[in-house]
Amino acid sequence: TISPTCIRVPVRRAHAESINLTLARPATLLQLRECLGGFPGVAIEDDRAANRFPTPLKASGKDDVFIGRLRPDPSRTTDPDAPTLGFDLFVCGDQLRKGAALNAVQIAELMV
């Protein structure tokens with residue numbers, strides 16, 4: 001189950017979403033990162049030490065969808081290292097590439 005909130009701010013051509021994700025089976029944060037990072041067209045940008053996270057500006061003109069600010073949902077667990085069903089994340093993607101034209105082409109290629 002996914003509960004997204006799309007943030008529309010005056011940027012040239014990217015969307016940003018804050019997502020609350022509920023899994024079918026508990027997972028650790030590391031397992032979630034590995035799973036999401038394994039999908040084609042997804043880039044994990046989640047470096048707290050360097051303060052590097054996805055932004056609409058960084059996503060503009062790129063084909064990948066950028067995922068960051070990955071963290072266990074604090075309403076589901078108090079132990080950030082324990083497996084849990086709930087996670088929060090932040091996602092940015094170019095609305096013309098991945099949000100429209102490129103995404104349509106990639107879906108059509110899979111269908112063929």
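The values are calculated or read from the model by the stated rules, or taken from the named source; none is laboratory data. Worth saying up front: this structure is predicted, and the values here are computed from it rather than measured. We place every Cβ from the backbone using ideal geometry, glycine too, and count neighbours over all the protein chains shown. Side chains included, ligands, DNA and RNA excluded: accessible areas come from the protein's heavy atoms. Shrake-Rupley method; radii C 1.70, N 1.55, O 1.52, S 1.80 Å.
Give me the percent of accessible area attributable to carbon and sulfur for the chain, probe 1.4 angstrom.
Working: 4120 of 7190 Å².
Accessible surface attributable to carbon and sulfur in the chain totals 57 percent.
Taking the Cα centre of the chain as origin, sum charge times position over the Cβ atoms of Lys and Arg (+1) and Asp and Glu (-1), and report the length of that vector in debye to the nearest 20.
Numbers: 14 positive and 13 negative charges, 74 e Å.
With Lys and Arg at +1 and Asp and Glu at -1, about 360 debye.
Helix-only mean residue ellipticity at 222 nm, the chain, DSSP H runs n ≥ 4 weighted -39,500 (n - 2.57), per residue, nearest 500. What is it? Display every interim value, and only then the final one.
Details: 3 runs with 23 residues, N = 112.
Calculated at 222 nm, the ellipticity per residue is -5500 deg cm²/dmol.
5 Å is the cut-off here: which amide hydrogens, built 1.01 Å from N in the peptide plane, fall below it relative to V42, excluding neighbours closer than 5 in sequence?
V65
Under 8 Å for C-alpha pairs, at least 6 residues apart: give me the relative contact order for the chain, rounded to a whole percent. Walk me through the numbers before you get to the answer.
Values: 208 pairs, mean separation 34.9, N = 112.
Normalised by residue count, the contact order of the chain is 31 percent.
Out of (1) 49; (2) 41; (3) 46, which label holds the value of percent of Cα pairs over 19 Å apart that was computed here?
Step by step, percent of Cα pairs over 19 Å apart for this structure corresponds to label (1).
Could you go through region 40-45 in sequence order and give the Karplus-derived ³J(HN,Hα) for each residue, using 6.51 cos²θ - 1.76 cosθ + 1.60 with θ = phi - 60°, rounded to whole Hz, and x for Gly and Pro?
x, x, 10, 10, 8, 10
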